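The values are calculated or read from the model by the stated rules, or taken from the named source; none is laboratory data. The shown structure was predicted, so the numbers you read here are calculated from the model rather than taken from an experiment. Cβ atoms come from the backbone with ideal geometry, glycine included; neighbour counts cover every protein chain shown. Protein only, heavy atoms only, side chains kept; ligands, DNA and RNA dropped before computing areas. Shrake-Rupley method; radii C 1.70, N 1.55, O 1.52, S 1.80 Å.
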Amino acid sequence: MKKLIILFLLTNAIFSTAQTKVSGSYHVDSGNPDDGGYNWILLENHRFVMATFGQVILGTWSMDNDNLISFIPSTPKYPFDVYGRYDAGQKGTKVMFDNFERDTKTYMGNSEQGIQPVLNDNANCFSYPMVKEFGSNFKDIILSVALFDQAKDLHYVAENKRYNNFIVMYYSSAIRQKPVTAKFKEGRLYFRSDDRPSSLRKDLQPAELKEMETFINGGVSGFSKESIISNLAYNIEAYGPGERSMQENFDEESYLNYNYNYDASKEVYTAKHPQGASEDDEYHNLDTMYKYHRMELKPQQKSYKKIEKSIFNITCKD
């Protein structure tokens, strides 16, 4: 009798595990036949990726005792990151603005002169990179964005003690996703209601699983790195993180040490075997790379003087 009870318990445990297996792939119909819907991939290590038309979200997932799954996207802590380096040949302050968009009101400046819109209203015809040189040295950099879910603009301050060359990155609302939940029931995900569940869970094939694990593990740590590498044309980290860092066992430090000589006093990487590039294609000239350090941002409730004139006036000509 005792053996029968143990056998029953083991069988029941195996059956329960099979019934509640969550890792795998799911498809959620968006109702729009043109966008392909939402594809969710949940890994056993509790990482996930959600891919839809023009957007990929990475993060972690967990499930409680009521089979409610919480998806926590990997997002930047703040809407901005500021990276800086010292350039002995730079007069005043040089700033490259990365990923700023016309549909969001963003501001940049300093506490001495005030802040101003980065882009003009109805800006269009963007080009890369967007670079602005200022005549004075900035003791700090102040950034602000008007967000839909806050009563007033929140400012972020980066105190500056030694840099004069900056890269300011903006993370749009599409990247700064909020957590979502879904009910897991009978092999399907229910995000809103019982009438539009996902497709049945499917197992990932070994090759797909390996590729997804590498992609997710590489992408989850993609924000707010301690330092970034760029050439003069702002081809940021073209040597690896966009491609090679997604490969299995990519070692960024080893790659740099093998391919570049590093001048620590100037924080410049020089290629051991220069490849060169045409004069009109400096973006792909990776013979000399420069190291930028992430600066600490501090939220600030204080208000700053606003200047009406935008930093850039980008408008297409007829």
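Observations on the structure shown:
- Among the listed pairs 161/302; 178/305; 152/178; 152/309; 178/291, a Cα-Cα separation exceeding 29 Å is found for 178/305; 178/291.
- Under 17 Å from the residue 121 label point (7 Å along Cα→beta-carbon), backbone N, segment 77-112: 102-107
- Straight-line cross-link partners of residue 202 among the aspartates and glutamates, defined as a Cα under 17 Å from its Cα and at least 8 positions apart when in the same chain: 29, 44, 186, 211, 213.
- Whether segment 48-144 is rounded, prolate or oblate, judged on the alpha carbon gyration tensor where a/c under 1.5 counts as rounded: prolate
- A 1.4 Å probe over all protein chains sorts 161, 77, 306, 139 by accessible area into 161, 77, 139, 306, starting with the largest.
- For segment 190-214 versus segment 276-298, the gap between their alpha-carbon centres in whole angstrom: 38
- Overall dimensions of segment 101-186 as given by Cα atoms, namely Rg and Dmax in Å: 16.8, 64
- Amide H to amide H, with H built 1.01 Å from N, residue 100 comes under 5 Å of 170, counting only residues 5 or more places away or on other chains.
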